[in-house]
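S.K.: To start, I am sharing the structure in question, which I have written as structure tokens.
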Amino acid sequence: MRDHLSHTFSALADPTRRAILARLAHGGANVSDLAKPFLKEMSLPAVTKHLKVLENAGLIQKTRTAQWRTCSISAAPLKEASGWIEQYREFWEESLDRLGDYLAEVQKKKKRKGRTHASKGK
């Protein structure tokens with residue numbers, strides 16, 4: 001059994017599923033409306049499989065009203081993934097800050113060295 005984070009990233013790995021989530025970020029939609037943009041490239045059953053992956057990962061919820069199945073986005077798994085990514089963003093920002101400090105120090109030394117060589121040439 002994989003952990004929740006693995007399910008989330010696996011579901012997000014596909015551009016079709018990310019496009020579906022982007023659409024759902026603007027509000028709930030029924031399966032037919034979600035499928036419309038993709039029907040030139042894939043069948044309705046293929047879109048339904050993508051929705052099932054998103055649902056299994058907990059990224060969407062389906063509700064049934066009469067004959068309509070409405071999907072809505074579920075924020076909890078995205079929040080968990082965002083938190084995990086945030087740890088690494090902080091690490092890279094600290095690393096880049098240290099690199100920036102190092103480069104600034106190297107440039108200062110270069111300028112000092114340049115002045116020293118220029119004054120010797122007088």
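S.K.: Quick one: ALA66 ticks every box in (1) at pLDDT 85 or above; (2) exposed (fewer than 10 other Cβ atoms within 10 Å of the Cβ) except a single one, so which number is it?
M.R.: (1) is the only condition that ALA66 fails.
S.K.: Provide a single number: the residues in region 35-63 that are touching a strand residue (DSSP E or B) at 6+ places or on another chain (Cβ under 6 Å) and more than 19 Å from HIS7 (Cβ to Cβ).
M.R.: So the answer is 1.
S.K.: Of all residues being surrounded by 17 or more Cβ atoms within 10 Å (Cβ to Cβ) and more than 19 Å from THR65 (Cβ to Cβ) in region 24-53, which is farthest from the chain's Cα centre (by Cα)? Just the residue, please.
M.R.: VAL47
S.K.: May I ask you to list the residues in region 42-67 that are β-branched (Val, Ile, Thr) and either over 17 Å from ARG18 (Cα atoms) or assigned to a helix (DSSP H, G or I) (or both)? Give the derivation first.
M.R.: Within region 42-67, the first condition is being β-branched (Val, Ile, Thr), and the residues that meet it are 47-48, 53, 60, 63, 65.
Answer for region 42-67, where residues must be β-branched (Val, Ile, Thr) and either over 17 Å from ARG18 (Cα atoms) or assigned to a helix (DSSP H, G or I) (or both): VAL47, THR48, VAL53, THR63, THR65.
S.K.: May I pose another question? Say we look at region 82-105 and pick out the residues that are among the hydrophobic types (A, V, I, L, M, F, W, C) and farther than 27 Å from LEU12 by Cα; which of these is farthest from the chain's Cα centre (by Cα)?
M.R.: Step one: of region 82-105, the residues among the hydrophobic types (A, V, I, L, M, F, W, C) are 84-85, 91-92, 96, 99, 103-104.
From what's left, farther than 27 Å from LEU12 by Cα: 96, 99, 103-104.
On the way: LEU96: 21, LEU99: 25, LEU103: 30, ALA104: 32 Å.
Residue satisfying both the conditions and the ranking: ALA104.
S.K.: Which residues, taken from region 10-23, are part of a helix (DSSP H, G or I) and surrounded by 12 or more Cβ atoms within 10 Å (Cβ to Cβ)? So that I can check it myself, show each step before the final result.
M.R.: To start, the set of residues in region 10-23 that are part of a helix (DSSP H, G or I) comprises 10-12, 15-23.
If the condition is that a residue be part of a helix (DSSP H, G or I) and surrounded by 12 or more Cβ atoms within 10 Å (Cβ to Cβ), then SER10, ALA11, LEU12, THR16, ARG17, ARG18, ALA19, ILE20, LEU21, ARG23 are the ones that fit.
S.K.: Tell me which residues, restricted to region 56-81, are within 18 Å of the chain's Cα centre (by Cα), without any contact (Cβ under 8 Å) to a residue 40 or more places away in the chain and under 18 Å from ALA29 (Cβ atoms).
M.R.: Answer for region 56-81, where residues must be within 18 Å of the chain's Cα centre (by Cα), without any contact (Cβ under 8 Å) to a residue 40 or more places away in the chain and under 18 Å from ALA29 (Cβ atoms): SER74, ALA75.
S.K.: A further question follows. Return the pair list, or none, for Cβ contacts closer than 7 Å from residues in region 32-45 that are on the phi < 0 side of the Ramachandran plot to residues that are small (Gly, Ala, Ser) and surrounded by 13 or more Cβ atoms within 10 Å (Cβ to Cβ), at least 6 apart or on different chains.
M.R.: Listed by first residue and then by second, the contacts come to LEU44/ALA35.
The values are calculated or read from the model by the stated rules, or taken from the named source; none is laboratory data. Just so you know, these numbers come straight off a predicted model, no measurement behind them. Cβ coordinates were reconstructed from backbone atoms using ideal geometry, including for glycine residues, and neighbour counts include every protein chain displayed.
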